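Single-structure report; data block below.
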Amino acid sequence: MRGHLAEFIGGENEVFYRVEVSAKGDLVTTVLDPPRSLDAEGAAIVRARQQASIAAKQLRESNALCPRKYDAVALPASLIGQEGWLVYLLASASPQERVLAGHHRLRVSADGRQLLEVTPLSRSCQVVDAAGDESQVGIMITQLIARVPFETHVLASLTYRVVVLVIAEKHTWAVLGGSIELFDPDRP
């Protein structure tokens with residue numbers, strides 16, 4: 001398994017910081033002084049995020065987004081066997097909240113210039129109060145638009161460090177960290 005890289009940009013599309021995460025989870029942060037210009041791939045990612053920003057405005061006007069701030073995360077669409085970029089619009093939460101639904105996945109062309117697909121990852125926004133829930137070990141949610149859990153259920157499990165039970169059609173799925181399996185209540 002390879003590591004991951006996040007670059008933080010500003011100014012005139014210049015990279016100021018790089019954070020590399022090794023396959024073992026080690027972090028290496030580098031300050032670039034002077035900043036460097038984005039390469040072609042970085043510029044495509046910036047354009048893809050700009051396309052997502054335009055789409056987010058339209059989704060907000062149609063009341064398809066939660067009434068809160070959204071974070072955009074871009075990943076290669078090759079992760080799901082497609083071309084271009086995936087830009088996730090992730091509803092943000094305060095430390096006292098847990099966002100369980102309300103996210104969207106957008107697919108943008110490889111050059112970042114064309115929005116190809118918008119996929120809502122839930123039918124509505126669901127935010128629950130997390131204050132005083134330090135002992136909570138699980139969350140249950142109903143998935144109404146797919147037969148299996150989405151990647152955002154994995155994100156919720158990893159972020160909130162709980163099991164997420166996803167009821168989808170006739171099955172209940174247990175999501176724990178990066179693992180998804182059918183839930184069997186009779187299994188110890």
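Any read-out appearing in this document is the output of simple, stated calculations on the displayed coordinates, not a laboratory observation. Please read these numbers as outputs of a predicted model, since none were measured by experiment. In this analysis, Cβ positions are derived from the backbone assuming ideal geometry, glycine residues included, and neighbour counts consider all displayed protein chains.
Look at the dipole of the chain built from charges on Cβ: of Ala93, Ile9, Pro149, the Cα furthest out on the positive end belongs to Pro149.
Taking the alpha-carbon distance from Lys170 and a cut-off under 16 Å, which aspartates and glutamates remain once sequence neighbours fewer than 8 residues away in the same chain are dropped? Correct list for Lys170: Glu181, Asp184.
Only Lys, Arg, Asp and Glu count, each charged at its Cβ (+1, +1, -1, -1), so figure out the dipole size of the chain about its Cα centre, rounded to 20 debye. Before the final figure, lay out the partial values.
On the way: 19 positive and 22 negative charges, 84 e Å.
Computed about the Cα centre, the dipole is about 400 debye.
Just how large is the dipole of the stretch 39-129 about the Cα centre, in debye to the nearest 20, putting +1 at every Lys and Arg Cβ and -1 at every Asp and Glu Cβ?
Working: 11 positive and 9 negative charges, 55 e Å.
That gives the stretch 39-129 a dipole magnitude of about 260 debye.
Think of the stretch 39-129 as a dipole: +1 on every Lys or Arg Cβ, -1 on every Asp or Glu Cβ, centred on the Cα centre; then among Gly102, Pro67, Ile45, Pro67 lies furthest on the positive end.
One way to sum up the overall shape of the chain is the equivalent ellipsoid from its Cα gyration tensor, whose semi-axes run 31, 20, 17 Å, largest first. Taking amide hydrogens as placed 1.01 Å from N in the peptide plane, the amide H of Leu38 sits under 5 Å from those of Val15, each at least 5 positions away in sequence or on another chain.
Using only the Cα atoms of the stretch 93-188, what semi-axes does the equivalent ellipsoid have when each is the square root of 5 times a gyration tensor eigenvalue? Give whole Å, largest first. Write out the running numbers ahead of the final one.
Numbers: eigenvalues 131, 64, 28 Å².
Its equivalent ellipsoid spans semi-axes of 26, 18, 12 Å.
Only lysines eight or more places from Lys69 in sequence, or on another chain, were considered; those with a Cα closer than 20 Å are Lys57. Computed from phi, the 3J(HN,Hα) profile of the stretch 29-40 under the Karplus parametrisation 6.51, -1.76, 1.60 (θ = phi - 60°) reads 9, 10, 8, 9, 9, x, x, 10, 6, 5, 7, 4 Hz, with x in place of Gly and Pro.
Please label the shape of the stretch 30-139 as rounded, prolate or oblate, based on the square roots a ≥ b ≥ c of the eigenvalues of the alpha-carbon gyration tensor (a/c under 1.5 means rounded; beyond that, a/b larger than b/c means prolate, else oblate). Before the final figure, lay out each step's value.
On the way: a/c = 2.13, a/b = 1.50, b/c = 1.41.
Judged from the Cα gyration tensor, the stretch 30-139 comes out prolate (a/c at least 1.5, a/b above b/c).
Determine the dipole magnitude for the stretch 82-175: charges of +1 sit on the beta-carbon of Lys and Arg, -1 on that of Asp and Glu, nothing else is charged, the reference point is the Cα centre, and the result goes in debye to the nearest 20. Before the final figure, lay out the partial values.
Values: 8 positive and 9 negative charges, 46 e Å.
Rounded to the nearest 20 debye, it is 220 debye.
Can you give the helix-only mean residue ellipticity at 222 nm for the chain, where every DSSP H stretch with n ≥ 4 adds -39500 (n - 2.57) and the sum goes over all residues, rounded to the nearest 500 deg cm²/dmol?
Numbers: 2 runs with 32 residues, N = 188.
The per-residue figure over the chain is -5500 deg cm²/dmol.
An oblate overall shape is assigned to the stretch 135-188, the ratio a/c of its alpha-carbon gyration tensor axes (a ≥ b ≥ c) being 1.5 or greater and a/b not exceeding b/c. Set the Förster distance to 45 Å, then compute FRET efficiency between Asp184 and Glu97 from the Cβ-Cβ distance, nearest 0.05. It comes out at approximately 0.90.
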